[in-house]
1. Give me, ordered by chain and number, the residues 5 or more places off LYS96 or on other chains with an amide H under 5 Å from its own placed amide H.
2. Modelled label-to-label distance, ASN62 and ARG239, 7 Å Cα→beta-carbon offset: nm?
3. Where nothing but the Cβ of Lys and Arg (+1) and of Asp and Glu (-1) is charged, how large is the charge dipole of region 1-160 around its Cα centre, in debye to the nearest 20?
4. At a 1.4 Å probe radius, carbon and sulfur cover how many percent of the accessible area of region 183-297?
5. Give me, ordered by chain and number, the residues 5 or more places off GLY318 or on other chains with an amide H under 5 Å from its own placed amide H.
6. For PHE363, tell me the accessible area in Å² from a 1.4 Å probe, rounded to the nearest 10.
7. Just the number, please: Stokes-Einstein D of region 1-114 in µm²/s, Kirkwood Rh from C-alpha pairs, 10 °C, 1.306 mPa s.
8. Can you send over the carbon and sulfur percentage of the accessible area for region 407-496, probe radius 1.4 Å, protein chains only?
Amino acid sequence: MKVILISMPDVVPIIIHETAVHMPNHGIASIGGNIDADHEVYLIDLIRKRRSIRKYLTRMVNRIEPDLIGLSAMAWQYDTCVKIAHLLKELRPGVKIVIGGYHATLMHEEIAGSAEARWIDYIVRGEGEEVCRRLVNALAGRDRLADIPGLSYRDNGAFVHNPRGPNLDLATLNLPIRDQRRLTWGYHILYSKIELVETSRGCTRSCNFCSMKHMYGRTFRTYPISRVLDDLDDIYYRRRTRWAFITDDNMVLNPDRVMELCDAIIARNYKGLNIVVQADCITMAGNEPMVAKMAEAGFRSVFLGIENGSKKNLSAAGKGDIVAASRQAIENCHKYGMMVIGGLIFGFPEDDEAAIRENYEFFKSIGADASYCQILTPYPKTGMRDNLEAEHLIVNHSDYKKYSGLWANVRTRHLSAEQLQYQFWYQRQVVLGWWNPPAPARKQGRGWTSIWRFLFKPVLKLHFWRIMRREGWEGRYRREVERWARLNRFRDLEGY
């Protein structure tokens, strides 16, 4: 069988400009790496082909002539996913289309009953490696669709949803694809090459805005340390890449294992390796020796889910009171030279203009180095969505293209969705202002931080000063929203 696995081109400029970071999709790389070796597998990350999607896919499909094409999409990428499925069926009517990912897992019944289902042949629910491996073998006549757990397929025109299977034993998985079978290239974080690695799956925390439990349940599973080292060897030696982003939902849930992993990385002596990771505040605050060991192993930056400075909002999010832990976690990271990107969420039911400003001020006071700011999003099948629905605070129930964290899909008891959208943007400008690279960032990237400080920032300040003189805050905001709206409109997919 010939198989192409494709990730979506949609991006969100939440931390930094959308062109500054393009990372490969780890999901399709892992799925592709676990399809049996006698099949031909190719990967396409459309984030590297945003300006020529139709032309590029037409050329690749005509060249490869695939039997199966897999599409992976988040909720906010699903509209693009459907358009691409339509295009692919038009290019090659006999090709089979399978979709997977979080949105497909959570919304498989709704998708199966929708108008766009005519472009879709199979849906993978949950982890995709074993389901896709067996699906490809079934299409080759070596397995049966009805016997594959986690697969939805057509039978007499209607979708049949097989029962979900157990979570995978991560020790059995092969390395992801990073070789010439990956047809797109040029993955980067600013001016450095970057690759992705996975050391665990799942999270046992109770955040009610997260849909993770629908993928894995509230479980935490880890890869063997030896497997992680094989992955890092592939990135460091074969790909000659010095930046690695760990995709784990929350790698630090088991501090003892983190220490063991760090010791193994240190013993490997990867000179110049820089690792970026996601973690929770409570673990990072309460385990300073672990943070020290992470820094020694090459961890240079950590994303912390701080979320909010309001205890009431944190409770509504199912986070508990982590305000003190947030401060301590940042202090621990800074003590050992690690840069902190702090996640903030705005738009809780009690938020008003003052609350949004105070949340930004809280963030400024705790000294995180960069912000990842989002508006509360009512993702399908989450406890948060149920709570917001009960209070009639959701204003956009089904246009998932705006479920990216950038758009106000909810209102609060004090702000309309339009007012929330504006205050989310405006208070960031006046409270946080222009980014000033902290010492860890300047140390890690003297070149690009200098370009930002002495070239880009002065030019942009002048540009926006001129806009402000002519149009004021409202005009500047209108221009920004119009740019967001254009960002993921792909002209060559219009009409699909």
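The values are calculated or read from the model by the stated rules, or taken from the named source; none is laboratory data. Computed from a predicted model, the values in this text were never measured in an experiment. No Cβ is skipped: glycine too gets one built from the backbone with ideal geometry, and neighbour counts run over all protein chains shown. When the accessible area is computed, the model is the full protein with side chains, heavy atoms only, and any ligands, DNA or RNA have been set aside. Shrake-Rupley method; radii C 1.70, N 1.55, O 1.52, S 1.80 Å.
1. Placed amide hydrogens put LEU68, ILE69 under 5 Å from LYS96.
2. 3.1 nm
3. For this selection, approximately 700 debye.
4. 50 percent
5. HN-HN under 5 Å from GLY318: ASN208.
6. Roughly 10 Å² of PHE363 is accessible to a 1.4 Å probe.
7. 108 µm²/s
8. The nonpolar share, carbon plus sulfur, comes to 52 percent.
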